[in-house]
Amino acid sequence: MATISQSSPRSPAETKPEVVPVQRAPSVLELIGNTPMLEVRKVTAGMLRPGVRVFAKLEGFNPGGSVKDRPARKMVEVGLERGELRPGKVIIDSTSGNTGIALAMVGAVLGYPVELVMASNVSRERKKIIEAFGAKPIFSDPMEGSDGAIRVCRRIIEENPERYFKPDQYNNEANSLAHLETTGPEVWRQTSGRITHFVAGIGTGGTIMGTGRYLKLRNPGVKLIAVEPDDPMHGLEGLKHMASSIVPGIYHEELLDAKMQVSTEDAYEMVYALGQVEGVLVGQSAGAAMVAALRVARTLKEGCVVTVFPDFGDKYLSTNLWIGWQQWRRERLQKIVGKWNASTSVTT
Amino acid sequence: MQVRVRVPTPLRRFTGGQDEVAAEGESVRSVIEDLERRHPGLKERLLDDKGELRRFVNIYLNGDDIRFLDQLNSQVKDGDDISIVPAIAGGN
């Protein structure tokens, strides 16, 4: 992996990025962050005014494969600093996947056992990856979703509270702090401070809260737009429909400028487009983020829209994401692109 | 044919909070039509505009994914168990 440094303070389009090989790292944990940013040009071609650009942070470049490496490392670090995690304890949490993978990786590096509660219908690849890192998966009822996993995790801890350290990504401010300290400064630097809109999906809310806070500190005019599924019954793994969910303690809606709802179908079709047109194979939450980012960018006369692609798509190849995609291939791309714009709605 | 249908959390707002409801029909599709009569709003969450099963919805008939049976035309018998399962674990 390499990091990209900006050689001049001009706009991202004008800046010629200088690729610098990463230093030798004594631990994989030090390779977390400093992910590259991609200008999404082909999917947006002909749809934006000349002064508008859309960029995506490719969080799949993190060593654990997702954006969740950042909060996992930070939550464990803070736990160690506070003495809440110490030798003999087990790291446990409820997770729909990527946080589990990240915690499993961090636990492996630091030598702490990890147990993860997840609904049994998370993708097969995720379960295997978690086990490959040496962590123990515990399965909850798929009918109860992620909230069911949260409840099972609570019960396990109540039975033996001294045994466990629970990072609790939904209520641990270290989650959003990780983004305030890393994702935010990276976005600011990679856009040379030109960012006008930050668009990110909400699962725990950590990404948009932490990154958003940093960006607002640097420029209060930066708009924060959160992306959520358009219905409680959806297929966007990792994202939460807030109105029907247990609202995470770290999620502070008042920080947002707008919320945008995206349908599962539109997000899936964007995933197909990103793979076949842009050459980037991502997960469904990235598809949703891109639909929303495009929707925002279409309304601007000029601006720099940044979104986050939380992971790559290789973990989802066996999931429902790819049901019916051949049908998509037969349809005209522009027709679908038109639908993305028409069918997403914005609430403030 | 009377069947039992297990309902996931995000759809229980249509069933008055019940996690299991009764329905009748000869096939999975007709069971869904009956569910819509008893619990309006359910069908739209399960089927798309063309009347096909939404990609992110899985339906199991006695534990078997209907995509590997006869899809929505899968025949049901008295006492069968149908489970509606979201294709993901997060977000609900």
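Hey, which of these cross-link pairs are over 30 Å Cα-Cα: A:Lys216/A:Lys240; A:Lys42/A:Lys259; A:Lys127/B:Lys50; A:Lys128/B:Lys77; A:Lys240/B:Lys43; A:Lys57/A:Lys128? Could the numbers behind the result be given before it?
Values: A:Lys216/A:Lys240 24 Å; A:Lys42/A:Lys259 25 Å; A:Lys127/B:Lys50 34 Å; A:Lys128/B:Lys77 36 Å; A:Lys240/B:Lys43 22 Å; A:Lys57/A:Lys128 26 Å.
Checking Cα-Cα distances, A:Lys127/B:Lys50; A:Lys128/B:Lys77 exceed 30 Å.
According to a simple spin-label model (label point 7 Å from Cα along Cα-to-Cβ), what is the distance in nm between B:Asp19 and A:Trp328?
Rounded to a tenth, the inter-label distance reads 3.3 nm.
Over the protein assembly as shown, what number does the Rg to Rh ratio reach, with both radii from the alpha-carbon atoms and Rh per Kirkwood? Walk me through the numbers on the way to the answer.
On the way: Rg = 21.9 Å, Rh = 22.4 Å.
My calculation puts Rg/Rh at 0.98.
How would you order A:302-311, A:185-194 from highest to lowest mean count of nearby Cβ atoms within 10 Å? Present the calculation step by step, with values, prior to reporting the outcome.
On the way: A:302-311: 25.5, A:185-194: 19.5.
Put in order of decreasing packing, that is A:302-311, A:185-194.
Whole-Hz ³J(HN,Hα) for each residue in the range A:233-240, computed from phi via Karplus 6.51 cos²θ - 1.76 cosθ + 1.60 with θ = phi - 60°, x for glycine and proline: what do you get?
Computed from phi, the couplings for the range A:233-240 are 8, 8, x, 9, 4, x, 9, 10 Hz.
Among B:45-53, A:318-326, A:195-203, what's the highest-first ranking by average C-beta atoms within 10 angstrom per residue?
So the peptides B:45-53, A:318-326, A:195-203, ranked by packing, come out A:195-203, A:318-326, B:45-53.
Give the calculated FRET efficiency between A:Lys42 and A:Asp257 to the nearest 0.05, with a Förster radius of 30 Å applied to their Cβ-Cβ distance. Don't jump to the answer; show the numbers that get you there.
Working: r = 28 Å, r/R0 = 0.93.
Efficiency at R0 = 30 Å is approximately 0.60.
Using amide H atoms built 1.01 Å from N in the peptide plane, name the residues 5+ places from A:Gly249, or on other chains, whose amide H lies under 5 Å from its own.
Sorted by chain and number, the residues that satisfy this are A:Asn171.
Which whole-Hz ³J(HN,Hα) couplings does the range A:182-194 yield from phi under the Karplus relation 6.51 cos²θ - 1.76 cosθ + 1.60, θ = phi - 60°, glycine and proline marked x?
10, 4, x, x, 5, 4, 4, 5, 5, 9, 6, x, 8
Out of all DSSP beta bridges in the protein assembly as shown, what portion is antiparallel? Express it as a percent rounded to 5.
Working: 26 of 61 bridges.
If I count the DSSP bridges inside the protein assembly as shown, around 45 percent turn out antiparallel.
How large is ³J(HN,Hα) for each residue in the range B:32-49, as worked out from phi by the Karplus curve 6.51 cos²θ - 1.76 cosθ + 1.60 (θ = phi - 60°), to whole Hz, x for Gly and Pro?
Values per residue, Gly and Pro as x: 5, 4, 5, 4, 4, 5, 7, 9, x, x, 5, 4, 4, 6, 9, 10, 8, 4 Hz.
So if we plug the beta-carbon distance of B:Gln2 and A:Arg154 into 1/(1 + (r/R0)^6) with R0 = 45 Å, what FRET efficiency do we get, rounded to 0.05?
Numbers: r = 37 Å, r/R0 = 0.82.
Working from the Cβ atoms, E equals 0.75.
Where a ≥ b ≥ c are the square roots of the eigenvalues of the C-alpha gyration tensor, would you call the range A:150-190 rounded, which needs a/c under 1.5, or, failing that, prolate if a/b is larger than b/c, or oblate?
Numbers: a/c = 5.74, a/b = 3.61, b/c = 1.59.
Prolate shape, in that a/c is at least 1.5 and a/b is the bigger ratio.
For chain A, what does the relative contact order come out to in percent, with C-alpha contacts under 8 Å and a separation of six or more?
Working: 706 pairs, mean separation 67.2, N = 348.
19 percent.
Give the average, rounded to an integer, of partner chain Cβ atoms located within 10 angstrom of each Cβ in A:224-237. Write down the numbers at each step before the final one.
Values: counts 0, 0, 0, 0, 1, 6, 0, 5, 10, 17, 11, 9, 5, 7.
Average neighbour count from other chains, rounded to a whole number: 5.
For the range A:69-165, calculate the relative contact order in percent as a whole number, restricting contacts to Cα pairs under 8 Å that are 6 or more residues apart. Before the final figure, lay out each step's value.
On the way: 149 pairs, mean separation 29.5, N = 97.
Over the range A:69-165, the number comes to 30 percent.
Pull up all non-local amide H partners of A:Gly303: gap of 5 or more, or a different chain, and H-to-H distance under 5 Å with H placed in the peptide plane.
Those qualifying (amide H under 5 Å, at least 5 residues apart or on another chain) are A:Val52, A:Arg53.
Relative contact order, percent, of the range A:191-321 when contacts are C-alpha pairs under 8 Å separated by at least 6 residues? Before the final figure, lay out each step's value.
Values: 229 pairs, mean separation 37.6, N = 131.
Worked out over the range A:191-321, it gives 29 percent.
Compute the distribution of all C-alpha to C-alpha distances in chain B, in bins of 5 Å from 0, and list the percent of pairs in each, rounded to whole numbers.
For chain B, the binned pair fractions read 3, 14, 28, 30, 19, 6, 1 percent.
Just the ratio, please: alpha-carbon radius of gyration of the range A:239-308 over 2.2 N^0.38 Å, N its number of residues. The partial results should precede the final answer.
Values: Rg = 13.6 Å, N = 70, 2.2 N^0.38 = 11.1 Å.
That works out to 1.23 for the range A:239-308.
Name the residues whose placed amide hydrogens come within less than 5 Å of the amide hydrogen of B:Ala23, ignoring near sequence neighbours (fewer than 5 apart) on the same chain.
B:Val3, B:Val5
Per residue, what volume in Å³ does the convex hull of the Cα atoms of the range A:107-202 enclose? Can you show the working numbers first?
Details: hull volume 14.2 nm³, N = 96.
Output value, Cα hull per residue: 148 Å³.
Where a number appears in this text, it was derived from the coordinates with a stated rule and is not lab data. Here the structure is a predicted model, which is why all the values come from computation and not from measurement. Virtual Cβ from ideal backbone geometry, glycine too; neighbours counted across all protein chains shown.
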